[in-house]
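Student: Just passing along the structure, written as structure tokens.
The values are calculated or read from the model by the stated rules, or taken from the named source; none is laboratory data. It should be emphasised that the depicted structure is a prediction, and the values quoted were computed from it without experimental measurement. A quick note on method: Cβ atoms are made from the backbone with ideal geometry, for glycine too, and the neighbour counts reach across all protein chains shown.
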Amino acid sequence: MIRAIDLCCGAGGWACAARGLPIEWVAVADLAPDCLETWRVNHGRDQPGCQKLLCDLSTDDGVRQVLDAGVDQGVDLIVGGIPCEEVSVARGANRASTVVMDRLHALVDGIFGVIQDLEPRWWCLEDVREIEPFLPGPLLVGMPYDVRRIQARDYGPQSRLRSFIGRFPEPEPEPEPSRLASCLRPGPHLTAPDHERYEKVPQATGRNAARVGRDKMRVLDPGTASPTVMGALSRGSRQRRSFVVETDDGRHRFLGWQEAAMLQGFPEDYLFASGYMRAEKMVGQAIPIQVGRAILRAIVAMQGGAP
């Protein structure tokens, strides 16, 4: 059995990835109470011994709580997802303040400090690519690690390129990954009240996949990997940048937040202990779960377990 800790666990993406694998969660940590409650509701029954730590890993006290949990029981694996809003391209030209960036630096230092002190055999952190310049170098932290950019569409229905940082074996892509069609729900759905006036353009690929021009709607192809979708809370000018799918009668509708959650890899029966807006944010901040599962399967195989 692999004993693991999840740092900045969010809604429990890594725990979803670990379902059915010989992984025991020693502790999970997050700053948000609704994230820890979401984790408990979905995974607490199967992991009764897991400590749910409400703590801030950018502080010495938060780091100490995690170290106490890990030192007491021993840890083989540390995973996590560093909150990325400060550096994400989604911010556009709105740069984070110096105070906010200082906290990000402290958070990164706290997470790396936990890994240094607990010395797990395996560790893996997921984040947007823009985090890479803010990572401490291997010489500075005194341990080697890799930074790999992994494309989620090689593993599941969503096109989402992310950085995976740490010491972990190379995951095997799926030979036939699922696509958008597998995540579509029967409805009801939301659409723009005047959607007829928007120009419908086909789904792009490559670097232009997530770009939608003014007064346009990108019509997604259910047979391909979908761009990252944050759900259907589109209002005003945001409607012009929304992705839509075509219904059987030729109309166009937004993807719902539940469909966005399934694109991210959450199972259909997953419960979010939060309100609508927070659930959308939890989904957007989660790891691509199919990629996480491929990484954990590779770790289990190298550890000598049955993947």
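Student: Pick from P144, P169: which is in contact (Cβ under 8 Å) with a residue 40 or more places away in the chain, in the same structural domain as D117 (by TED's automatic domain parsing) and part of a loop (DSSP other than H, G, I, E, B)?
Tutor: On inspection, the qualifying residue turns out to be P169.
This table checks each residue for (1) more than 26 Å from E85 (Cβ to Cβ); (2) modelled with pLDDT under 80.
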| position | (1), (2) |
| --- | --- |
| D194 | yes, yes |
| R197 | yes, no |
| N208 | no, yes |
| L233 | no, yes |
| Q258 | no, no |
| D269 | yes, no |
| G292 | no, no |
| I299 | yes, no |
| P307 | yes, yes |
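Student: Given the options D30, D34, D76, name the one that is touching a residue at least 40 places away in the same chain (Cβ under 8 Å), touching a Phe, Trp or Tyr at 6+ places or on another chain (Cβ under 9 Å) and closer than 21 Å to D117 by Cβ.
Tutor: None of the others qualify; the one that does is D76.
Student: Determine whether the range 134-144 contains at least one residue that is within 20 Å of R297 (Cα to Cα) and surrounded by fewer than 17 Cβ atoms within 10 Å (Cβ to Cβ).
Tutor: no
Student: Of the conditions (1) under 19 Å from the mean Cα position of the chain (by Cα); (2) modelled with pLDDT of 85 or more; (3) crowded, with 19+ Cβ neighbours inside 10 Å, P177 clears all except one; give me its number.
Tutor: If we test P177 against (1) under 19 Å from the mean Cα position of the chain (by Cα); (2) modelled with pLDDT of 85 or more; (3) crowded, with 19+ Cβ neighbours inside 10 Å, just (3) comes out false.
Student: Looking at A225 and the list (1) exposed (fewer than 15 other Cβ atoms within 10 Å of the Cβ); (2) within 22 Å of M282 (Cβ to Cβ); (3) at pLDDT 85 or above, which single condition is not satisfied?
Tutor: Result: A225 fails condition (1) only.
Student: Exactly one of (1) within 28 Å of Q151 (Cα to Cα); (2) modelled with pLDDT of 90 or more is unmet by R240. Its number?
Tutor: Status for R240: all satisfied but (2).
Student: Have a look at A90, A152, A106 and point out the one that is modelled with pLDDT of 85 or more and within 23 Å of G12 (Cβ to Cβ).
Tutor: Unique residue meeting the criteria: A152.
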